[in-house]
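**Q** Next up is a structure, given as structure tokens.
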Amino acid sequence: MSGMANQPTSENLRRKPIWIPPWGYAEGWMIVSGLLMVGFALQLAGGGLPSGVLAWPVNLYTALIFSALLTIAHLFGRSVPLFAWLGRVPATICSIALITFLVLIMGLVLQDDEAAAPWVRRLGLSSMTSSWPFLLGLILFLSTLGMATLKRMIPFRWRNTGFLLNHLGLYIVVLGGLMGSADVERRLMELREGELVWHATDRAGHVYEMPLALELIRFERKEHHPKAALVETGSHRLLSESKADLFEIDSDIRGHLGDWEIEVHRFLPLSMPVGDRYEPVLDVGAGPSARVTAVHTGTGEKREGWITCGSFAFPHRLLELEEDTALAMTVPRPRAYRSQAVLYTPGGTPETILIEVNKPYRVNGWTLYQHSYDDRFGRWSRTSIIEAIRDPWLPVVYTGIFMMLGGAVYLMFRGRKLIIPNTGETTRASV
Amino acid sequence: MLPFDPANVTIAAMLCWLVSLTLFAAARGNRTVKATGHVLYVAGILILAGLLTALWQFMGRAPLRTLGETRLWYGMFLPLIGYAVYARWGYRWMLYYAALMATVFLGVNLRHPEYYDRDLVPALQSPWFVPHVVVYLFAYAVLAASAIVAVRGLIRRARTTELNVADNLVQIGFGFLTLGLLFGALWGKEAWGHYWTWDPKETWAFLTWIVYLAYMHHRIQRPQQVRVSLWILSLAFVILLVCWFGVNYLPSAADSVHTYGRS
């Protein structure tokens, strides 16, 4: 820290009576305890935070007023012990400890759990992010972060760039994320082949008319090859010995499972049962099947037959090897799924678009994500669920994120300051 | 199935380190013996790098999906960082600890080889997958080295100056931790629609990040309180381990989207 030599050392901080400026850790822990008590009291009295209060434009005003108040406090209130305290490291550590404590609870208690014990729910422990203690903790955190940032920002010096990228970046991310959360809109659009859909539903079940419409042309799911595995005949549970070496089924492939040597003669990615065998077809309901031989490596016993994991249209089939062991085909896992749809926007020409996992489509402030499909039908699903999300504060948060990315790189290249033994003084201003 | 057995390759790397460390201990100033030790130490790292490259080639996807695969990366990075710390600051003991810790993690892999199928679910098929995980594993390995300094310092009553190594490691590790966290946020936006959802893995990643943040600030303000710093540093690594492995077993993570694929 700059100007560290002018500050009281840890020794006389400890001897000083509490609440006599400058405040340090003792005052800090009192403030943190006070905030926790007030937070939990508010939580017990009034339940969680009222939702939607910070909707546009209240959130913008709140963010501006909060930042302005910190600036005024920094410029004109340095003689006030609280404001002086907020800009120094003891306050930083106390607010970090408070946030750590609350997030640790969040990390240990299942969130949004309807079945949580009543006292857990009443204290807001299972809905931490919308609880009063969490909000108060964040306000303290933002205040210390903001005050520390202002100390290095006014007047601006180039050597503080790294510090500012990290601290101002984090301030912008946390404040932008907190304020923007009320403006995030997440809605689901359930598309069916050939149907024009312009309404969407939110999580509470409210239906909205969207400023865009989608018509599903085709839902497409590509699959990985299924695997061969040994299972217990009765329970169909995978046998532990074969977990490590499930092997991928393909035509003309050999492998070992337990004591059995398996040979796949023919693999049909899309097939249907015809009598006792399976034939390749492309119809709705087709599923994978394979013709296999299994030879016991010890006794030389031989088993031969078809295995399939089945589909919604026909049942699975095992090849029995021993009394309680059988060879099975696992259900293939998805490799990719995507929706091809026509997008209609007001005043725009209809456009064919592709929405895929990890490749959302952006239009008029909305981002369209491939959310899910009807998994009862797997690759033959004719329904596709698209999630439409609007987050107007995203540019603010991303500004902060990119500042922090720059700050992180700076941190790594710059290295740590050296501490001179016995004096505690630092040779360079740190990040 | 793989055309080679990863276990044998892993054992080869571990043997390289074992022989190398034995040579270091027995060298007594003999330069040829020492040089052989160095060659073998680096060879162990290169063998693992070769294994990862071969797995990547064979599976057609980055070997970063299962816990077992992440342990392989860790087993490569940790001795690499140990060697770098030795080269930069001359701490010979770091070579021993880094190799020992890598051996423990690779040993777990010999007992639980939870790889290596080609499947990669759609959510992981993204350009962010490799940078997000590799940056994190590198950070974990650097921070493990700092934890080694911390535990050693607690046992041997370290003095202020000895923490300079830990500080440097934390500075680098924290930088990578931040990159991993932010890459994850940017990827999360593309894959799930939001940059931060307080998924249990995110919650613990945040905890890890903020405890190292506390360590750095505490070092700036109370450089003389060495033991407190060492305790924070040790605690931070415990939280890091919970984030990496423990989350899979926590009841609070029942619905996590981040649990490693277990076939």
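Only the coordinates and a few stated rules stand behind these numbers; no lab work does. It should be emphasised that the depicted structure is a prediction, and the values quoted were computed from it without experimental measurement. For neighbour counting, all protein chains shown are included, and Cβ atoms are generated from backbone atoms with ideal geometry for every residue, glycine included.
**Q** Give me A:W380, A:W132, A:W119 sorted ascending by neighbouring Cβ count inside 10 Å, so fewest comes first.
**A** A:W119, A:W380, A:W132
**Q** Over region B:121-263, what is the relative contact order in percent, taking alpha-carbon pairs closer than 8 angstrom and at least six residues apart?
**A** 28
**Q** Using the count of nearby Cβ atoms within 10 Å as a rough guide to exposure, how do B:W73, B:W187 rank from fewest to most?
**A** B:W187, B:W73
**Q** Are there trypsin sites (Lys or Arg not before Pro) in region B:1-95 that DSSP marks as loop and that have at most 15 other Cβ atoms within 10 Å, and which are they?
**A** Loop-located and lightly packed - B:R28.
**Q** Let me ask something additional. Is the protein assembly as shown best put as rounded, prolate or oblate by its Cα gyration tensor, with a ≥ b ≥ c the root eigenvalues, rounded for a/c under 1.5, and otherwise prolate when a/b is larger than b/c, oblate when not?
**A** Oblate.
**Q** For chain B, what's the relative contact order in percent, using C-alpha pairs closer than 8 Å and at least 6 residues apart?
**A** Reported as a whole number, the value is 17 percent.
**Q** A follow-up question, please. By its C-alpha gyration tensor, with a ≥ b ≥ c as the square roots of the eigenvalues, how is region A:151-264 shaped: rounded for a/c under 1.5, else prolate for a/b larger than b/c, else oblate?
**A** oblate
**Q** List the longest stretch of chain A that has no exposed loop site; here a site is one of the trypsin sites (Lys or Arg not before Pro) assigned by DSSP to anything other than H, G, I, E or B, with at most 14 other Cβ within 10 Å.
**A** A:238-375
**Q** Follow-up question, since we're still on this one. Averaged across the residues of B:187-195, what count of C-beta atoms belonging to other chains lies within 10 Å of each residue's C-beta?
**A** Average neighbour count from other chains, rounded to a whole number: 6.
**Q** Another question, then. Assuming a ≥ b ≥ c are the square roots of the Cα gyration tensor eigenvalues, decide whether chain B counts as rounded (a/c under 1.5), prolate (otherwise, with a/b larger than b/c) or oblate.
**A** Details: a/c = 2.18, a/b = 1.11, b/c = 1.96.
Oblate.
**Q** Also: How high is the FRET efficiency between B:R159 and B:L18 when r is their beta carbon distance and R₀ equals 35 Å, given to the nearest 0.05? Spell out each step's value before the answer.
**A** Details: r = 32 Å, r/R0 = 0.93.
Approximately 0.60, to the nearest 0.05.
**Q** Grab the beta carbon distance between A:M210 and A:S51, set R0 = 22 Å, and tell me the FRET efficiency rounded to 0.05.
**A** On the way: r = 22 Å, r/R0 = 1.01.
Rounded to the nearest 0.05, the efficiency is 0.50.
**Q** While we're on this one: In which sequence would A:Y337, A:Y410 go, from the one with the fewest C-beta neighbours within 10 Å to the one with the most?
**A** Listing A:Y337, A:Y410 from fewest to most nearby Cβ atoms yields A:Y410, A:Y337.
**Q** Can you tell me, using C-alpha contacts under 8 Å and at least 6 residues apart, the relative contact order of chain A as a whole percent?
**A** Result for chain A is 16 percent.
**Q** While we're here: Over all residues in B:211-219, what is the mean tally of Cβ atoms on other chains that come within 10 Å of each residue's Cβ?
**A** 5
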